[in-house]
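This report refers to the structure that appears directly beneath it.
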Amino acid sequence: MDKDKYISKLSKAEQLEIEQKKNVILLVENLMEREEITIKMIIDCLYDVGSVNFVDKKFRLPSANKILKVIARLSKPSFRTIAFYWGKKIAPELITDWLLQKIKF
């Protein structure tokens, strides 16, 4: 009830922005559902580059470096699954907020 009172006091432009933000969040959620394979492939690409860069930067010893790169490759499927489901929860709102920031003057 309090939320309804608050929304009714907002201007038409603010009400439209709130409504459209909800619509964009729903559209991004729908996109993520339909494009699960594509998103997982993006996560894979980012993981490949990020894990190699991380190991190279943090572990200079050649033998440790090679072992850690193998471990990183083996942990990729687990990471992909966790990243996808975690991203599915937070990404729609983050993407929507980012997009809305880009159109504000």
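Put a plus charge on the Cβ of each Lys and Arg, a minus charge on the Cβ of each Asp and Glu, and nothing anywhere else: the dipole of the chain about its Cα centre is then about 520 debye. A Gaussian network model of the chain, with springs between Cα atoms under 10 Å, assigns the largest mean-square fluctuation among LYS89, LYS76, LYS66 to LYS66. With all protein chains in place and a 1.4 Å probe, the accessible surface of the chain carries 65 percent carbon and sulfur. Largest accessible area first, the listed residues THR96, THR38 line up as THR38, THR96 when surface is computed with a 1.4 Å probe on the assembled protein chains. Accessible area of GLU93 (1.4 Å probe, protein heavy atoms only, ligands and nucleic acids ignored): about 90 Å². Among PRO62, PRO77, PRO92, the largest mean-square fluctuation in a Gaussian network model of the chain, built with springs joining Cα atoms closer than 10 Å, belongs to PRO62. With a cut-off of 14 Å between beta carbons, the residues surrounding SER78 carry a summed charge of +3, where Lys and Arg count +1 and Asp and Glu -1.
The angle separating the long axis of helix 62-74 from the principal Cα axis of greatest extent in the chain is about 50 degrees. Relative to the longest principal axis of the Cα atoms of the chain, the long axis of helix 76-103 makes an angle of roughly 40 degrees.
How would the stretch 47-105 be classified by its alpha-carbon gyration tensor: rounded, prolate or oblate, with rounded meaning a/c under 1.5 and the a/b versus b/c comparison settling the rest?
Note, shape of the stretch 47-105 comes out oblate.
Provide the per residue accessible area, probe 1.4 Å, for the chain, rounded to a whole number of square angstrom.
Values: 8730 Å² over 105 residues.
Ligands and nucleic acids excluded, the figure is 83 Å² per residue.
Charge tally for PRO92 (other residues, Cβ to Cβ under 15 Å; Lys, Arg +1; Asp, Glu -1): -1. Taking the C-alpha atoms only, the angle from helix 12-34 to the longest principal axis of the chain is near 40 degrees. For the chain, the relative contact order works out to 39 percent when only alpha carbon pairs closer than 8 Å and six or more residues apart are counted. Across PHE84, PHE79, the residue with the most accessible area heads the list, and the full order at a 1.4 Å probe is PHE79, PHE84.
Annotation: LYS102 carries an accessible surface of approximately 130 Å², with a 1.4 Å probe and no ligand, DNA or RNA atoms counted. Helical runs assigned H by DSSP (4 residues or longer) give the chain a calculated mean residue ellipticity at 222 nm of -30500 deg cm²/dmol, each run adding -39500 (n - 2.57) before division by the residue total. Computed on the Cα atoms alone, the convex hull of the chain gives a volume of 146 cubic angstrom per residue.
The values are calculated or read from the model by the stated rules, or taken from the named source; none is laboratory data. Given the structure is predicted, the values throughout are model-derived calculations rather than measurements. A quick note on method: Cβ atoms are made from the backbone with ideal geometry, for glycine too, and the neighbour counts reach across all protein chains shown. Ligands, DNA and RNA are excluded from the accessible area calculation, which covers all protein heavy atoms including side chains. Shrake-Rupley method; radii C 1.70, N 1.55, O 1.52, S 1.80 Å.
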